[in-house]
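Below: the structure, in structure tokens.
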Amino acid sequence: MRDTRCRMEPVRTCVGCRTRAPRSALIRVVAQDLRLVVDERGSLPGRGAWLHPDRECAENALRRRAFGRALRVSGPLDTQTLEKRLNGYGNKVNGSK
């Protein structure tokens, strides 16, 4: 007899567009020393913010300062590492410093 149970994938909310998506469709971002870092393995300690891996969601999240709220960090966050990851080491995401 085969096991026909469906396994549900966790659902997270993108901090950029505020839509819900399967965890596998989003990237996890954590704050380390006030620097936004993409958590490739999903195992870094601390709170994580989830984001679609596209420029539009990143721009929305940065414009709305959603990372600071989601990660419960006060003060400015260095977004350079995140921008490099999303842009393939190209230009900065609009609205960032």
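Among rounded, prolate and oblate, which fits the range 37-82 when a ≥ b ≥ c are the square roots of the eigenvalues of its C-alpha gyration tensor, a/c under 1.5 means rounded, and a/b larger than b/c means prolate? Working shown, then result.
On the way: a/c = 1.71, a/b = 1.13, b/c = 1.51.
It comes out oblate by the Cα gyration axes.
Take the alpha carbon gyration tensor of the range 1-66, find the square roots of its eigenvalues, order them as a ≥ b ≥ c, and report rounded if a/c is under 1.5; if not, report prolate when a/b exceeds b/c, else oblate. Mind dumping the intermediate values first?
Details: a/c = 3.26, a/b = 1.75, b/c = 1.86.
Oblate.
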Obtain the nm distance between the two label points defined at GLU9 and ARG35 by a simple spin-label model: each point lies 7 Å from its Cα along the Cα-to-C-beta direction. 3.0 nm
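Once you charge only the Cβ atoms, +1 for Lys and Arg and -1 for Asp and Glu, what is the size of the charge dipole of the range 1-47 about its Cα centre, to the nearest 20 debye?
On the way: 11 positive and 5 negative charges, 46 e Å.
Dipole size: approximately 220 debye.
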³J(HN,Hα), Karplus 6.51/-1.76/1.60, whole Hz, each residue of the range 23-36, x for Gly, Pro: 3, 5, 8, 10, 10, 9, 10, 10, 9, 10, 6, 6, 10, 6
Using unit Cβ charges (K, R positive; D, E negative) and no other charged atoms, how large, in debye to the nearest 20, is the dipole of the chain about its Cα centre? 300 debye
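Bear in mind these aren't lab numbers, they're just calculated from the coordinates by the rules spelled out. Model, not experiment: these values are computed from the prediction. Here Cβ is always computed from backbone atoms with ideal geometry, including for glycine, and neighbour counts include all displayed protein chains.
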